[in-house]
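The values are calculated or read from the model by the stated rules, or taken from the named source; none is laboratory data. Bear in mind the structure is a predicted one, so any value in this text is a computation, not a measurement. In this analysis, Cβ positions are derived from the backbone assuming ideal geometry, glycine residues included, and neighbour counts consider all displayed protein chains. What goes into the accessible areas is simple: the full protein's heavy atoms, side chains included, and nothing from ligands, DNA or RNA. Shrake-Rupley method; radii C 1.70, N 1.55, O 1.52, S 1.80 Å.
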Amino acid sequence: MKFLMFLLSFGLSLNASAQVYAGEKKMKAKQSIELKGTVHQIIDGESDYKIAIGIHAAFYSFPKTEEKEEVLNLLKQSQKEGFKVKASVDPLTLKILTLQRDDKK
Amino acid sequence: MIRFLLVFLFALAGTQVLPNGFGNKRGVVDVTVLSEAKAQRLFDTFVSHKEIPFNYPLDGCFARATAMARIAEDEKIEMGKIFAEGVLRTKTNIKELPEVMWSYHVAPTLWVQKEGKPVLMVFDPSMFDKPVTVAEWTDAMKLPGTPAAVVSEVYYGSRYQLGPRKAEDTKNSWQRPDLEITEETLHVYRNADLVGFLRSLQGQQLQKPGQSQQQSKKAGTR
């Protein structure tokens with residue numbers, strides 16, 4: 001039983017790094033763009049997090065969903081540890097459609 | 001020997017240095033000195049390049065700055081880059097988008113002879129219609145609002161730097177991946193039709209219930 005629990009937690013921890021957080025559901029642009037980079041700034045707003053990623057100057061918005069604590073944790077870890085995140089964004093509204101840790105080196 | 005010295009002095013007179021905020025062996029970047037007339041002509045040349053989306057101020061400054069520096073380089077003009085970081089808020093020249101907010105901003109920079117002295121000027125057609133001083137450039141990014149705008153630091157780099165120094169190492173030549181990202185970014189933002197999108201939003205906001213968009217356009221609204 002203990003061995004099975006160990007395998008389960010190991011599997012879950014592997015899965016956590018690949019978790020994709022869903023943000024804005026509606027897209028206004030014809031095409032989304034993918035941003036990759038370390039999180040440099042986070043502005044904690046009332047209904048969203050405004051995030052500066054990599055070489056991109058804009059603050060991109062991620063809504064405060066039910067997973068807001070996990071999202072904030074991911075953002076802060078990226079800022080602190082320097083790993084990259086990957087965000088699919090709408091270039092017209094600056095809203096983030098999906099957000100995840102970028103595991104590619 | 002005299003001829004060599006003259007060439008050397010002439011070359012020296014044509015450039016001035018900037019402190020390199022990214023760090024390199026010399027600690028400085030050589031940047032060309034231009035006359036005011038040549039500087040304005042260079043600025044106008046940048047504006048004439050329609051492949052650079054100056055009307056998409058939301059993001060992509062790194063790509064615009066790189067594109068401009070390469071245009072200048074083709075004319076044997078060595079530009080530097082100026083970076084400002086913080087929470088930057090500025091007006092735009094797009095009626096439907098009065099202001100934008102950035103975590104950093106970058107533009108190419110040159111020395112310009114003004115009344116016999118070289119003055120560092122910033123070339124930023126996304127914000128101005130002529131080269132401006134560093135103070136004018138940074139002051140324009142302190143528009144009041146929430147969160148409060150703050151320029152936390154300003155520094156310089158060579159034309160080869162793409163993004164802010166927290167995002168990259170010192171570069172002494174053009175890097176192929178950077179040029180590829182630049183081209184891709186210019187392409188995406190060129191095709192984004194931001195103004196068209198903003199006008200369509202305005203049209204939706206002005207539309208009365210039960211009225212079609214065409215009817216509200218006829219009524220003189222956008």
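For the reader, a short list of remarks on this structure follows.
- Chain lengthening between B:Ser152 and B:Asn93 when straightened (0.36 nm per residue, less Cα-Cα): 18.8 nm
- Whole-angstrom gap from region A:47-87 to region B:102-137, using each part's C-alpha centre: 32 Å
- Taking every Cα-Cα distance in region B:50-135 and sorting them into 10 Å bins starting at zero, the pair-distance distribution P(r) comes out as 17, 49, 28, 6, 0 percent.
- Where only alpha carbons of region B:31-187 are counted, the Rg and the Dmax (Å): 14.8, 43
- Among B:Glu115, B:Glu180, B:Glu78, the largest mean-square fluctuation in a Gaussian network model of chain B, built with springs joining Cα atoms closer than 10 Å, belongs to B:Glu115.
- For B:Val195, the solvent-accessible surface with a 1.4 Å probe is about 30 Å², rounded to the nearest 10.
- Ranking of B:Asp124, B:Asp44 by solvent-accessible surface, largest first: B:Asp44, B:Asp124 (1.4 Å probe, protein heavy atoms only, all chains present).
- Rounded to whole Hz, the Karplus (6.51, -1.76, 1.60) HN-Hα couplings of region A:49-54, x for glycine and proline: 9, 9, 10, 9, 10, x
- Stretch gain in nm, segment B:Lys117-B:Asp129, where the contour uses 0.36 nm per residue and the Cα spacing is subtracted: 2.1 nm
- Taken over region A:15-105, the convex hull of the Cα atoms encloses 96 Å³ per residue.
- Remark: chain B carries a charge dipole of roughly 440 debye about the Cα centre, counting +1 on each Lys and Arg Cβ and -1 on each Asp and Glu Cβ.
- Fully extending the segment from A:Lys80 to A:Lys25, taken as 0.36 nm per residue of separation minus the present Cα-Cα distance, adds 16.9 nm.
- Shielding score for B:110-119, defined as the mean number of other chain Cβ atoms within 10 Å: 0
- Alpha-carbon radius of gyration plus Dmax, which is the widest Cα pair, for region A:28-70 in Å: 11.3, 31
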